[in-house]
């Protein structure tokens, strides 16, 4: 794999001319045409799709309107509640509500079916589509029923990626879907486009997860594709089945790219034909001379079976490399765990080594990444006639949709799997977000799923229970299962893959999926459960602000799962205050109490009372502030909390990572950088200030107070640097906070306190 930061021209989709002083002359000699870089940038597939969906008239400042929207049951209640508070009357475009994150009510919260009935009645009232539980995971339904060539889809899940089908899809937090429901736009600077040039074809035993992990391992740490569009081109694309392409594509989220798009061909056309949607196919190729801002060359034949060790998809090795350096790599993982869990629990992976081999406790093939037809068929071929054994090792398989499940039953793959001792379950995202197949204490799970962040598998570190996940391809998971739990690469298995043809039967959807066909029925009454709560009232940004630092996190990256855990806590997904009680619970259990304590001051101000009486320590703080800023008083100040994290926001698009902070009185985040655009957007849409501070020693520490004079005017005036003071030892110690550019709408959202206030009628 070769990375070229300086960019490249692609001629006729085949010939590569790397950017260099003589590149334009080289292009002219090959084509006979003169072209500028700016002209050639307009010939990418991505540029054409963005142009067709941009409403601003300015291709540098995009205002995108999407063709379709998707949400699942962790997010759609909050989205619709927000839109309703802003006057929603009808879904203006197709909006699909899926139910693939059914969180058991293990810690209280909303009964699943209450949320489901809320979704069904909203689909009827506002004119949407409702997919009942266990029918399909969100992204598989979108592939089967929604994607189309040249279209754009926005989903409230980070793995909203349908580029392999010619659809540019973006995963964002719920407020961005609210904007689309209110017929507003998705505002973003035109992203750079990275060409992913594929050659060769994968060797036998290598699957899509292997290719994906190889890419993630190369580009995550250096930010090579961060917030950019990955465009897959080159002759190697045609050497991959559509299922294979989908399996690579869905994992592009873990690179931190904004979106993805692939060139399409007859294989993609056949996919649409199989699904009875021939009219939705569009051939997509870059223009004669296309320019990519950066470029990656990948020879698919060079990729070997991969494993992403805990606790990130970028922590990658070949399986052969792991087996050859087993104790050293396991020791490194244990040291990473010490950092991730602040020494609270001890991960002991080296105890998994038996007779020089790594013994695995659990294998799972599931969800939008692993639950595809080809993945499961190939796994069944590897396992046919074997046994997974009667020891600790277990194997669970979750087909991504009921149509896939039906075809696997018809072709015998399910029978072959069940005969080995594997369990075949329904379409469910549980193993991916910690609500299904949680491993035992100190267990090691290998999964063809999307993520392996700390706690993502559902372990309970706060209770002293810890387990871990490594990501692998379904084929190597099956090979490991055939070897009764001893880690094995699929390339070590002698098997003939049968490659059965897929037949899509949409009958089950016709029988069970509610489709309004875009017709709203305003007479339908929305069905609420007792734990489905409205958003609490939120104040506008004050003229001046005092922030208390209530958590300080120095991990290299902080995931959204650490900011608000997934899994069983998601049973509170439709109760903003209830869910907020779990904010940072696995990272900083004291956060909630500290945030609520300083929030008392803001509530006192809003009630016309004295903040110093509500929070006595503020009396001394305000005395210091007034010594230098005598005009500051209870009429022009607000109080709240902030956190510092080095690089927060990797992972899930769930807006709850920001909204939980906001409903607890959070006014800001301070970071060296934000891991993803979507997390920064979530902060803004909830009226929080996405501050940046230069790397180095911090001028403040946990529990310090920060004073921000004139913050409202500074935001209104479009400033990007802000005067700030640490209030300490009777003095105001100055320092500077920064913030990237805000759009006019983003500034107004922050000034009004949140998107709900911005849109409230």
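Candidates in the range 480-496 are the residues that are more than 31 Å from the chain's Cα centre (by Cα) and part of a helix (DSSP H, G or I); of these, the one that is surrounded by the fewest Cβ atoms within 10 Å (Cβ to Cβ) is 492.
Candidates are the residues of the range 212-227 that are under 26 Å from residue 301 (Cβ atoms) and surrounded by fewer than 24 Cβ atoms within 10 Å (Cβ to Cβ); the one that is nearest to the chain's Cα centre (by Cα) is 220.
Looking only at residues of the range 313-334 that are within 30 Å of residue 8 (Cα to Cα) and part of a loop (DSSP other than H, G, I, E, B), we find that the one that is nearest to the chain's Cα centre (by Cα) is 313. As a summary of the residue check, residue 609 satisfies the conditions (1) modelled with pLDDT under 95; (2) within 31 Å of the chain's Cα centre (by Cα) except for the one numbered (2).
Just one residue in the set 424, 360 is more than 21 Å from residue 133 (Cα to Cα) and modelled with pLDDT of 95 or more; that residue is 360. Exactly one residue among 590, 581, 552 is surrounded by fewer than 23 Cβ atoms within 10 Å (Cβ to Cβ) and under 23 Å from residue 73 (Cβ atoms), and that residue is 581. Of all the numbered requirements in (1) in contact (Cβ under 8 Å) with a residue 60 or more places away in the chain; (2) in contact with a strand residue (DSSP E or B) (Cβ under 7 Å, 6 or more places away or on another chain); (3) not in a loop (DSSP other than H, G, I, E, B), residue 632 misses one, and that requirement is (3).
Taking the condition surrounded by fewer than 24 Cβ atoms within 10 Å (Cβ to Cβ) and modelled with pLDDT of 95 or more, does residue 348 pass? Spell out the reasoning first.
Details: surrounded by fewer than 24 Cβ atoms within 10 Å (Cβ to Cβ): yes; modelled with pLDDT of 95 or more: no.
So residue 348 does not fit the description; no.
Please note which helices (runs of 4 or more DSSP H) are completely contained in the range 673-761 and include at least 3 residues that are in contact (Cβ under 8 Å) with a residue 60 or more places away in the chain and surrounded by fewer than 15 Cβ atoms within 10 Å (Cβ to Cβ). Hits in the range 673-761: none. Scoring residue 125 on the criteria (1) modelled with pLDDT of 95 or more; (2) in contact with a strand residue (DSSP E or B) (Cβ under 9 Å, 6 or more places away or on another chain) leaves a single failure, condition (2).
Please verify whether the range 162-179 includes one or more residues that are farther than 20 Å from residue 91 by Cα, surrounded by fewer than 24 Cβ atoms within 10 Å (Cβ to Cβ) and out of contact with any helix residue (DSSP H, G or I) (no Cβ under 8 Å at 6 or more places or on another chain). Scanning the range 162-179 turns up no residue that is farther than 20 Å from residue 91 by Cα, surrounded by fewer than 24 Cβ atoms within 10 Å (Cβ to Cβ) and out of contact with any helix residue (DSSP H, G or I) (no Cβ under 8 Å at 6 or more places or on another chain).
Residue-wise test of (1) in the same structural domain as residue 71 (by TED's automatic domain parsing); (2) at pLDDT 95 or above.
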residue: 141; (1), (2): yes, yes
residue: 151; (1), (2): yes, yes
residue: 161; (1), (2): yes, yes
residue: 170; (1), (2): yes, yes
residue: 175; (1), (2): yes, no
residue: 180; (1), (2): yes, yes
residue: 201; (1), (2): no, yes
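Taken over the range 644-672, residues that are in a loop (DSSP other than H, G, I, E, B) and free of Cβ contacts under 8 Å to residues at least 60 places away in the same chain amount to 1. Among the residues of this structure, residue 334 does not count as one that is surrounded by fewer than 19 Cβ atoms within 10 Å (Cβ to Cβ) and under 23 Å from residue 159 (Cα atoms).
The values are calculated or read from the model by the stated rules, or taken from the named source; none is laboratory data. Predicted model only: the values in this text are computed from it and were never measured. A quick note on method: Cβ atoms are made from the backbone with ideal geometry, for glycine too, and the neighbour counts reach across all protein chains shown.
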